[in-house]
Amino acid sequence: LPVRSHPQASLEETTHDVAAHGKTLLYEGFVSATPASALPHLGRYLRAGAVRIERAASSPGALARDLEDMDRIHQAEAEIAATREALERRPYDARRDAALTQARWMAEELRVSMFAQTLGTPNKVSMKRLLGVLAGAR
């Protein structure tokens, strides 16, 4: 994926994505809506955004990699949303709901793994593992 028209425009795309992502983590009522197991990790997820911007701004190559990774994580998030939407039409199943929740937070860890490896993740995470969890939810 080439750096979009101009490096500055591409970096703005990254910063907008980081800001939008932050709003998915911190919003009115997030404490009660976030699983207790995920709450301690919110700070790391937010720090990953700052690391991501610094890294993307460091070189045109780093920015191009960031944009590629951004597209991949957006694909994963779209897959999670599509799976959730498809399952909402079916009777409630606690196991499927737990798998969707797991996939949602795996996506957060995948972001850290892709954009801020130095912060580390508590468990191994990959796109393949995330898609496997989603397949199990279906």
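Enumerate the pairs (first residue in segment 60-89 and farther than 25 Å from residue 117 by Cα; second residue anywhere and outside any helix (DSSP H, G or I)) with beta-carbon separation below 8 Å, excluding pairs fewer than 6 apart on the same chain, so at least 6 apart or on different chains.
Within 8 Å, the pairs are 83/138; 86/138; 87/93; 87/138.
Does residue 52 satisfy the condition of being under 24 Å from residue 131 (Cβ atoms) and either surrounded by fewer than 12 Cβ atoms within 10 Å (Cβ to Cβ) or modelled with pLDDT of 95 or more (or both)? Outline the logic, then answer.
Numbers: under 24 Å from residue 131 (Cβ atoms): yes; either surrounded by fewer than 12 Cβ atoms within 10 Å (Cβ to Cβ) or modelled with pLDDT of 95 or more (or both): yes.
Taking the combined requirement at face value, the residue satisfies it.
Say whether the condition of being closer than 24 Å to residue 16 by Cβ and in a loop (DSSP other than H, G, I, E, B) is met by at least one residue in segment 47-60. Break it down stepwise before answering.
To start, the set of residues in segment 47-60 that are closer than 24 Å to residue 16 by Cβ comprises 47-60.
Applying the additional criterion that residues be in a loop (DSSP other than H, G, I, E, B) yields 58-59.
Checked against the condition, which is being closer than 24 Å to residue 16 by Cβ and in a loop (DSSP other than H, G, I, E, B), segment 47-60 yields at least one hit.
The values are calculated or read from the model by the stated rules, or taken from the named source; none is laboratory data. In this text, all values refer to a predicted model and were calculated from it rather than measured experimentally. So basically every Cβ, Gly included, is an ideal-geometry build from the backbone, and we count neighbours across all protein chains shown.
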